[in-house]
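Below is one structure; the comments refer to it alone.
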Amino acid sequence: MGSNSTKAWIEAALFAVLAIALAYVAMPLGEYTIVFALLPLLFVSLRRGILLGLVSGTVTGLALFMLKGEGTDVAADILTQAAPFVFVGIAGFFAKFTQRTLNNKRFPNAALNIVTASFFGTLVYFVWALISDIFLSEEAVPAGVSAFAHFLPGQALSFAATFAVSAVVLVLIAKFAPKAYIPKGSRFLSRKEKSKLLND
């Protein structure tokens, strides 16, 4: 148990490092970008669950706060760099259902869980991003237009593109390497299901 727990925490840290690296890889989408950094956070959340997903997201956010923050306004740096990543781990709510359906070779159900997890994990990131735009970039809003109406279309486009990319990649992993989602000794599987996994 101790060994598995230690390995899980190490995985959470490693996926956070990967997310930090991907935060510097940008694909422009007009004024916005596809956020590749969400991919490892969504994956580790589905593999290890909500707690370690939140931990991985928090580590990512704090690291980017230190690496990319401008330092002149700490509150603004927290809102723009750290906060959006912290709650991506809510996708881990679907870890149990994803792992059980994959273990039972029910791919359509697993794919639905993965897509739903990707949707909510990505949504929470872009809600924070929209909030930061509204409160920190008011000077960019034309007169007579609300900040919400000004920033929503661009963030919605970024959300849709990031969600689509994340969902497709994660579903493909489930299709061609389903065991990648199921760590040895997964707490989301019953003893009988673990036995079946080992015998496959």
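For the chain, complete DSSP H runs whose alpha carbons reach 18 Å or more along their own long axis and whose mean Kyte-Doolittle score is 0.0 or higher are 2-22, 50-68, 107-136, 147-176. Close amide H contacts of residue 106 (hydrogens built in the peptide plane, cut-off under 5 Å, sequence separation of 5 or more or a different chain): none are found.
Over the chain, DSSP H runs of length four or greater, each weighted -39,500 (n - 2.57), average out per residue to a 222 nm ellipticity of -22500 deg cm²/dmol.
Highest mean packing comes first when the peptides 40-46, 79-85 are listed by Cβ atoms within 10 Å, giving 40-46, 79-85. Within straight-line reach of residue 68, meaning a Cα separation under 13 Å, sit the following aspartates and glutamates at least 8 residues removed in sequence or on another chain: 77.
Taking the accessible area of the chain, probe 1.4 Å, and keeping the other protein chains in place, the carbon and sulfur fraction comes to 70%.
Heavy-atom accessible area, probed at 1.4 angstrom with all protein chains present, ranks 48, 191, 100, 106 as 191, 106, 100, 48, highest first. Accessible surface calculations at 1.4 Å, restricted to protein heavy atoms, place region 43-189 at 48 Å² per residue. For residue 56, the accessible surface of its heavy atoms amounts to roughly 0 Å² (probe 1.4 Å, protein chains only, rounded to the nearest 10).
Here the chain is treated as a sphere whose radius is the Kirkwood value from Cα pairs; by Stokes-Einstein at 37 °C and 0.692 mPa s it diffuses with a coefficient of 187 µm²/s. For region 20-60, the relative contact order comes to 28 percent (Cα pairs under 8 Å, sequence separation of at least 6). Divide the volume of the convex hull around the Cα atoms of region 56-168 by the residue count and you get 102 Å³ per residue. Across the chain, C-alpha contacts under 8 Å between residues 6 or more apart give a mean separation that, scaled by the residue count, equals a relative contact order of 22 percent. In this structure, the pairs whose alpha-carbon distance is over 19 Å, taken from 7/105; 7/175; 105/175, are 7/105; 7/175. Distance from the alpha carbon centroid of region 1-70 to that of region 102-148 works out to 16 angstrom. Toward the positive end of the charge dipole of region 85-200, with +1 on the Cβ of Lys and Arg and -1 on the Cβ of Asp and Glu, the farthest Cα among 152, 163, 189 is that of 189. Within the straight-line cut-off of under 12 Å between alpha carbons, none of the aspartates and glutamates are reachable from residue 192, sequence neighbours fewer than 8 places apart in one chain being disregarded.
Ranked from largest to smallest solvent-accessible area, with a 1.4 Å probe on the protein heavy atoms, 115, 25 come out as 25, 115.
The values are calculated or read from the model by the stated rules, or taken from the named source; none is laboratory data. Model, not experiment: these values are computed from the prediction. Neighbour counts are summed over all protein chains in view; Cβ atoms, including those assigned to glycine, are modelled from backbone coordinates with ideal geometry. The area values use the complete protein model at the heavy-atom level, side chains included, leaving out ligands, DNA and RNA. Shrake-Rupley method; radii C 1.70, N 1.55, O 1.52, S 1.80 Å.
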